[in-house]
1. Please report the Cα spread of the stretch 139-266 along all three principal axes, rounded to whole Å, starting with the longest.
2. Could you tell me how far the Cα centroid of the stretch 274-333 sits from the Cα centroid of the stretch 512-535, in Å?
3. R0 = 56 Å: FRET efficiency of R311 with I42, Cβ-based, nearest 0.05?
4. Per residue, how much accessible area does the stretch 139-266 have with a 1.4 Å probe, in Å²?
5. Would you rank Y414, Y148 by solvent-accessible area, highest first, keeping every protein chain in place and using a 1.4 Å probe?
6. Given the options A368, A334, P350, identify the residue whose Cα lies farthest towards the positive end of the charge dipole of the stretch 334-377 (+1 on Cβ of Lys, Arg; -1 on Cβ of Asp, Glu).
7. Sorting check: for 28-40, 134-146, which peptide has the highest mean count of neighbouring beta carbons within 10 Å, and how do the rest follow?
Amino acid sequence: MMAIEETTKNYLRLTDWQAVTKRFPSSTFDSEQKSFRVMAFIGRTYENEQIQRNLANIISRIESRNSGISIQRRSSMTGQPSGPTRTNVLEELAEELGIDTAGGEDSSSTLVQKLPSLVLPQQVKLILPDEAKIMLYPRGLRCSTCSYYILQVDMGKHTTLQCPGCGKDKLRQISNLFFCKKCGNQHEITPPFTEPERDGPRFRCTKDGCACAGTGHLKLKLERPLSRSKWICDKTGNEVSRVIYSCPSCARWTGVRDPAHMKLVSTTESYMKPMTFSTVYVSGNLEFSLENAVPTWTLNEAPSDVGQTIREYGIRDVHLIDDIESFTVVYGYAPYGDEVQPKTFKYRNPDTRTFEYHAYTTMSKGKAILVLLDKGRVCRVVLEDLAKEGADEYTRNMAKEYLKTVNEDPAAAYTWLAGLTRNVMTAHTATPAANTSLFKLLHSVEHALTHHASLRTGLDESTFVGKVLVDDCAVLIYERAQVEAGGVEYLARHLLAPWISGAVRHVRDCRYECAEGCVKCLYIQDPMCHPLLPREIPDTYLLPNALLSRKLLVDFWGLVGIATVVEKKVTDFDVPSDTDGEEED
């Protein structure tokens, strides 16, 4: 048998970026007919004050948010409505620290901003991984013939796969585990309220009234669907219970022993996502901005017919920029869903006796295309949407007022929209919902261009990443790895019109004719979606593929609309195929 732990080089034969975004600590995977869990990354530490400060603020807000959720759930699940709420807790902490919370309508999210950082920048350890420490996981072995089950903590004690129950060489590692959809906790398959170290390796039958009188052990009978699986007494053959488990982590922070059943999942399932921070630097150590980025090529250098085609789609200029350095940092993970509790890679340093937060980092250098949009055209689309769909009367009225003057003074209208967007986005620890029309439009443009960049160049989808520049009414498409002349430079100099017009048509011809974006038009791989630029919207994390709008994008690009036949003539630069290289379902 394989040793319980081993260290693998080269991130399990993955690239750096794939390792930190797909095989981050606590994730599971299958290889060579075995299931593994990543325990930790081993590597060099790296210092970057700006990134450490940003991460410290983000993690602080997550920690304070999780504390509030814990107390709210404890109150609701114990039937004590008079217990402290999240805002009560934050108010008490603010009062303790001497922070004024009076005056105005302080929400819990506002209080979080007022509180000092719970995590200091020096507690955040940036690590450039070289190796991954993995273990066989789960450690349960089951006989496919007689359902004999054993969970041996020390897998080194197994020298044979012969089943003690039936004598056949049918003992195999199981590839299922319990997973909490709220907090991301994992647990190997054991009977309810048992632990491998305390109650294993065989689990006794504890059913009241069973004829075995407590002398039997449990067999694991797996069924399809997995929710029908059972524990069977090996002495009587009777069903003892269903294979269920309650999250011990949730039980600790709700005060209830049985808060919710965990889900039985396969180790190959995608059941949790990395919490990722990314940022972009230019010219060595300058955070990306329009002022810092010196273009090596602009739209004016393209043929006149290409420039005319591009400007028809609301693009006022395109810049090619060299010397881009990008950072992708994974600082935790969370289950898929909205009301979930993210987990960070939090460890106690035995020497200093303080907590550290590990953040696994990859760096890459390449080039970028900066796409600057027509502010007047953007403003008209966004203001019309806010005038109808704004979350409050003040926003709707302001949008209507700016609509009257947007043609004469688009800069003033855009300044108001950008300010509104920053305020809404920075007031939330997680994805906001209201008054985000400007960000939705810019984010949708970025996704459409990022997705089509890989189709046009023939490069892997993970080659290109995008950022939204709210202040500059622009999107940045950059290379996550150097691809020499075959990446964004090739797009800018040789494929600009086919790239842009192809992206337009891809959105126009969405098979589902959706309004908010879907897998057929705007969605990209989750690890690729990190559009926020920390310089503009700091300390906020955004769920992948959130805040998109095909409806706004259709309006911006002057197409007829959702679920209609498009009359707009496609330029000669378009490719002939409707599917544009996509495979049909």
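The values are calculated or read from the model by the stated rules, or taken from the named source; none is laboratory data. Everything numeric here is computed off the predicted structure, so don't read it as measured data. Every residue, glycine as well, gets a Cβ built from its backbone with ideal geometry; the counts of neighbours run over all protein chains shown. Heavy atoms of the whole protein, side chains included, go into the accessibility calculation; ligands, DNA and RNA do not. Shrake-Rupley method; radii C 1.70, N 1.55, O 1.52, S 1.80 Å.
1. If we take the Cα atoms of the stretch 139-266, the spans are 45, 35, 29 Å.
2. Cα centres, the stretch 512-535 to the stretch 274-333: 18 Å.
3. Result of the calculation: an efficiency of 0.65.
4. For the stretch 139-266, the solvent-accessible area averages 49 Å² per residue.
5. Per-residue accessible area, sorted high to low, gives Y148, Y414.
6. Result: A368.
7. 134-146, 28-40
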